[in-house]
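Below: one structure in structure tokens.
Laboratory data are not the source of any read-out in this text; all were calculated from the coordinates shown. Keep in mind that what you see is a predicted model, and the values were worked out from it rather than measured. Cβ sites come from the backbone with ideal geometry, for glycine too, and all protein chains shown count toward neighbours.
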Amino acid sequence: MRCTTLLGDGVCYLLQIPPDSPAGSPNLKKLLADPGVEKIFHFGRFDMGLLLKTFRVLCRPVYCTKIASPLTRTFPDRHGLKELCRDLLSVELYKFEQYSDWGTERLTEEQKRYAATDVLHLHRLRKKLDKMLLQEGRFGLAQACFEFLPRRVELDCACWEEDIFQH
């Protein structure tokens, strides 16, 4: 379940995916797999893994604000969505519902509001981070990371525990 804003216009669509529905959802699967639609995530590695496990669809192309943040903001050690929104957009996110029960049949209004605000600022964050990436000369590096992310997710979903990049 995630609220997604498709155009960065502040309109969110909340989709609650029942446990028995992965065989369905053909329109959602088509959107997730569409190479002409970039999907923006914060911590895409996690969300993309859930989408791959649930729908057997590997999202691409993707942009991940959690990857872009340390490539641009080398001074802080916190790159969570709450910190990014506060530092770059002067927006305070309240994450109280993050650990609530998302498996219930009916979501509370607070959970719905949390889901919406959890993605509402991703387009604006991306614009800020892109400017910073260009300024730092790391835009190409970020693009390469985003292009690799689907492969990293496949490794995660295959339960590959060894870091194949470590000597």
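Could you please tell me the mean projected area of the C-alpha convex hull for segment 2-157, averaged over all directions and given in square nanometres to one decimal?
Working: hull surface 38.2 nm².
Answer in nm², one decimal: 9.5.
If each DSSP helix of 4+ residues adds -39,500 (n - 2.57) and the sum is divided by the residues in the chain, what number results at 222 nm, nearest 500 deg cm²/dmol?
Details: 7 runs with 83 residues, N = 167.
Value at 222 nm, helices only, nearest 500: -15500 deg cm²/dmol.
Could you size up the charge dipole of segment 17-95 around its Cα centre, putting +1 on the beta carbon of Lys and Arg and -1 on that of Asp and Glu, and report it in debye to the nearest 20?
Working: 13 positive and 8 negative charges, 37 e Å.
The dipole magnitude comes to about 180 debye.
At a 10 angstrom cut-off on C-beta neighbours, averaged per residue, how do the peptides 93-103, 30-40, 77-87, 116-126 rank from highest to lowest? Let's see the in-between values first.
Details: 93-103: 12.0, 30-40: 13.7, 77-87: 16.5, 116-126: 19.3.
Listed from highest to lowest mean packing, they are 116-126, 77-87, 30-40, 93-103.
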